[in-house]
Amino acid sequence: ALALDPRYAVAYATLCRVQLREVILGVYKNPREALEQAVKLGEKAITLDDSNSYAHATLGETYVWLREHDKAISEAEKAVSLCPNSASAYFALGFALSLSSRHQEAIPMLQKSLRLSPIPVHSQVLSVIASSYRALGQYEEAIATYKKVLQIYGPDHLMAHTGLAGAYASLG
């Protein structure tokens, strides 16, 4: 796409997302360096089209993995303001809020993402909701949500089992 149109912002945003996913999958020997390169791709997308919600949401998610939570929240808020019907934008905002320990604020954003896209746009939506419930001491809600993760994504979902074990342990 970039060979045909080097000013195509969505292509840069998509490359940012792909690089982020490759980091999550463990492809790179130096993940921090790869994340910083992903940020450059996301920033290039926004330079080309600052009104692109997808680019802001993707850059926001990338900042979360760099633990730059204020930047992540800012980019995700911009994504939501640009496209208030974007499940991905609400996921990016909820994810950033959750990982910055703002769980009470994260849950409604993540739930809005699910309302906009009942089949979650990211497999992590329900897991992040469950983790936020758990962090808030709302163990029954966490358990119900982790069980939903297992129902949707199958019984081999390790993180759901880990979260369930933690929630059950917290309940005694």
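The values are calculated or read from the model by the stated rules, or taken from the named source; none is laboratory data. Predicted model only: the values in this text are computed from it and were never measured. These area figures cover heavy atoms from the full protein model, side chains too; ligands, DNA and RNA do not enter into them. Shrake-Rupley method; radii C 1.70, N 1.55, O 1.52, S 1.80 Å.
Principal-axis analysis of the Cα atoms of the chain puts helix 103-116 at an angle of about 70° to the longest axis. Rg ratio for the chain: its Cα radius of gyration over 2.2 N^0.38 Å, N being its residue count, equals 1.06. Start at zero, step by 5 Å, and the Cα-Cα distances of the stretch 1-71 spread as 4, 21, 29, 24, 15, 7, 1, 0 percent across the bins.
Averaged per residue, what accessible surface does the stretch 1-77 expose to a 1.4 Å probe, in Å²?
Details: 4210 Å² over 77 residues.
Result: 55 Å² per residue.
Once the Cα atoms are used to define both axes, helix 158-171 deviates from the longest principal axis of the chain by about 40 degrees. With the contact rule set at Cα under 8 Å and sequence spacing of 6 or more, what percent relative contact order holds for the chain? In percent, rounded to a whole number, it is 13. The stretch 100-143 and the stretch 1-57 have Cα centres lying 25 Å from one another. Once divided by 2.2 N^0.38 Å, the Cα radius of gyration of the stretch 80-172 becomes 1.04. Nonpolar atom fraction for the chain, defined as the carbon and sulfur part of the 1.4 Å probe accessible area, stands at 54 percent. A viscosity of 1.306 mPa s and a temperature of 10 °C, combined with the Kirkwood radius over Cα pairs in Stokes-Einstein, give a translational diffusion coefficient for the stretch 47-87 of 161 µm²/s.
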